[in-house]
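**Student:** I'd like to ask you about the structure that follows.
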């Protein structure tokens with residue numbers, strides 16, 4: 001059994017209507033003047049106003065920041081720091097999808113420790129204390145609320161940087177399934193599939209341990225059983241809650257085991273083509289599962305045993321890949337790179353970029369340029 005060091009830094013509050021406790025919980029953490037980081041979609045649908053009301057009722061002053069995009073980059077983090085630097089902020093709240101929560105973490109790095117976000121690429125590079133934060137996911141996907149990493153793109157190259165530190169973990173994650181109901185179907189499908197990939201990838205990485213495996217298994221069980229249900233019944237709060245918990249559990253697994261080749265190959269597609277992250281993941285995951293079969297096929301059978309115990313025991317990687325492809329079709333996501341106008345001529349360059357991605361280091365089958373190219377060609 002692998003050794004591990006598990007420390008839960010984040011308190012979790014889950015339940016329908018839990019957002020109503022935001023002011024009370026912020027006051028418990030001694031928030032007095034908070035920067036609320038939320039994208040403009042959250043502003044338009046009224047969630048920013050709702051969250052602000054709960055905060056101000058409890059005596060917490062709120063300043064909002066919305067100037068960032070779906071993939072926050074270094075220039076947006078700089079803008080957030082510049083905006084907040086003279087406002088005497090004592091706390092930060094990330095409200096929204098992974099972009100909001102990553103942006104909140106990125107701003108926190110610069111507000112408290114100075115420099116550029118590039119200085120924090122890697123792990124453990126914040127030498128000074130960081131401001132306490134609350135994460136409130138409104139999607140069921142990234143699991144950022146469970147992680148001490150911020151994924152920030154370089155504004156020039158669009159390469160994603162993983163910037164992590166134990167101090168960047170949220171003090172509290174507030175999970176309210178009601179907040180995910182407003183997601184458009186395509187967002188529910190793409191973010192939900194990203195969470196599914198997190199469960200599958202974390203279960204086989206070389207950094208996995210008994211704690212991460214526990215969370216990976218439970219994430220897979222919840223996500224596999226509720227993905228179709230939440231798409232067919234978007235107002236079903238039981239299904240919404242299961243997806244949100246599954247995404248959170250997968251996020252805990254990432255924190256303790258990292259990811260693999262699927263994410264390594266997906267990031268260059270987003271950087272070069274602007275491909276939505278969950279869409280890129282969907283086109284790649286089945287082929288990575290098949291490619292990894294020589295290293296971890298028996299582990300894929302363990303996942304199948306949780307949700308399809310009567311499935312044939314031969315060729316578990318192929319069976320899992322087939323199940324993943326079934327989920328992709330249910331989500332109406334593309335199965336092939338050629339379906340989203342990826343140029344076949346770019347595959348060798350994409351493979352070189354994928355081989356440099358940090359997450360690829362944890363894949364159970366060593367990922368180099370030739371392996372990444374093979375995955376892209378299978379996915380084309």
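The values are calculated or read from the model by the stated rules, or taken from the named source; none is laboratory data. Since the model is a prediction, treat every value here as computed from it, not as a measurement. Cβ: placed from backbone, ideal geometry, glycine included. Neighbour counts: every protein chain shown.
**Student:** Among the residues of the range 259-306, write down those that are modelled with pLDDT of 95 or more and assigned to a loop (DSSP other than H, G, I, E, B).
**Tutor:** Of everything in the range 259-306, those that are modelled with pLDDT of 95 or more and assigned to a loop (DSSP other than H, G, I, E, B) turn out to be 259, 260, 292.
**Student:** Turning to a different aspect of this structure: Among the residues of the range 184-241, count how many are within 16 Å of the chain's Cα centre (by Cα) and surrounded by 22 or more Cβ atoms within 10 Å (Cβ to Cβ).
**Tutor:** 22
**Student:** To continue, here is another question. It is to be established whether one or more residues within the range 137-150 are at pLDDT 95 or above and more than 25 Å from residue 174 (Cα to Cα).
**Tutor:** no
**Student:** From 328, 342, 375, which residue is part of a loop (DSSP other than H, G, I, E, B) and surrounded by 20 or more Cβ atoms within 10 Å (Cβ to Cβ)?
**Tutor:** 342
**Student:** Just to be sure before I move on: is residue 204 closer than 19 Å to residue 258 by Cβ and not in a helix (DSSP H, G or I) in the structure I sent?
**Tutor:** For residue 204, the condition - closer than 19 Å to residue 258 by Cβ and not in a helix (DSSP H, G or I) - is met.
**Student:** Still on this structure, I have one more. Look through 271, 293, 308, 317 and report the one residue that is more than 22 Å from residue 255 (Cα to Cα) and in contact with a strand residue (DSSP E or B) (Cβ under 9 Å, 6 or more places away or on another chain).
**Tutor:** 271
**Student:** So residue 313 ticks every box in (1) surrounded by fewer than 24 Cβ atoms within 10 Å (Cβ to Cβ); (2) within 30 Å of residue 17 (Cβ to Cβ) but one. Which box is left unticked?
**Tutor:** Only one criterion in (1) surrounded by fewer than 24 Cβ atoms within 10 Å (Cβ to Cβ); (2) within 30 Å of residue 17 (Cβ to Cβ) is unmet by residue 313, namely (2).
**Student:** Tell me, yes or no, whether the range 158-165 has at least one residue that is in contact (Cβ under 8 Å) with a residue 60 or more places away in the chain and under 29 Å from residue 22 (Cα atoms).
**Tutor:** Yes, the range 158-165 contains a residue that is in contact (Cβ under 8 Å) with a residue 60 or more places away in the chain and under 29 Å from residue 22 (Cα atoms).
**Student:** Among the residues of the range 177-190, are any without any contact (Cβ under 8 Å) to a residue 40 or more places away in the chain and under 28 Å from residue 269 (Cβ atoms)?
**Tutor:** Yes, because at least one residue in the range 177-190 is without any contact (Cβ under 8 Å) to a residue 40 or more places away in the chain and under 28 Å from residue 269 (Cβ atoms).
**Student:** Run residue 277 past the list (1) surrounded by 24 or more Cβ atoms within 10 Å (Cβ to Cβ); (2) in contact with a helix residue (DSSP H, G or I) (Cβ under 7 Å, 6 or more places away or on another chain); (3) under 22 Å from residue 366 (Cα atoms) and report the number of the one that doesn't hold.
**Tutor:** Of the numbered conditions (1) surrounded by 24 or more Cβ atoms within 10 Å (Cβ to Cβ); (2) in contact with a helix residue (DSSP H, G or I) (Cβ under 7 Å, 6 or more places away or on another chain); (3) under 22 Å from residue 366 (Cα atoms), the odd one out for residue 277 is (3).
**Student:** Looking at the range 363-380 only, could you name the residues that are in contact (Cβ under 8 Å) with a residue 60 or more places away in the chain and over 10 Å from residue 264 (Cα atoms)?
**Tutor:** Selection gives 364, 365, 371, 374, 375, 376, 378, 379.
**Student:** Within the range 355-366, can you find the residues that are in a loop (DSSP other than H, G, I, E, B), under 22 Å from the mean Cα position of the chain (by Cα) and within 14 Å of residue 201 (Cα to Cα)?
**Tutor:** 363, 364
**Student:** Still on this structure, I have one more. Report yes if residue 156 is under 30 Å from residue 350 (Cα atoms), outside any helix (DSSP H, G or I), outside the structural domain of residue 246 (by TED's automatic domain parsing) and in contact with a helix residue (DSSP H, G or I) (Cβ under 7 Å, 6 or more places away or on another chain), otherwise no.
**Tutor:** no
**Student:** Here is a list of conditions, (1) farther than 30 Å from residue 28 by Cα; (2) without any contact (Cβ under 8 Å) to a residue 40 or more places away in the chain; (3) not assigned by TED's automatic domain parsing to the domain that holds residue 281, and residue 222 meets all of them except one; can you say which number that is?
**Tutor:** (3)
**Student:** Could you figure out which of (1) under 17 Å from residue 111 (Cβ atoms); (2) assigned to a helix (DSSP H, G or I); (3) more than 20 Å from the chain's Cα centre (by Cα) isn't true of residue 22?
**Tutor:** Result: residue 22 passes all but (1).
**Student:** Do the conditions hold for residue 114, that is, is it in the same structural domain as residue 165 (by TED's automatic domain parsing) and within 17 Å of residue 136 (Cβ to Cβ)?
**Tutor:** In short, no.
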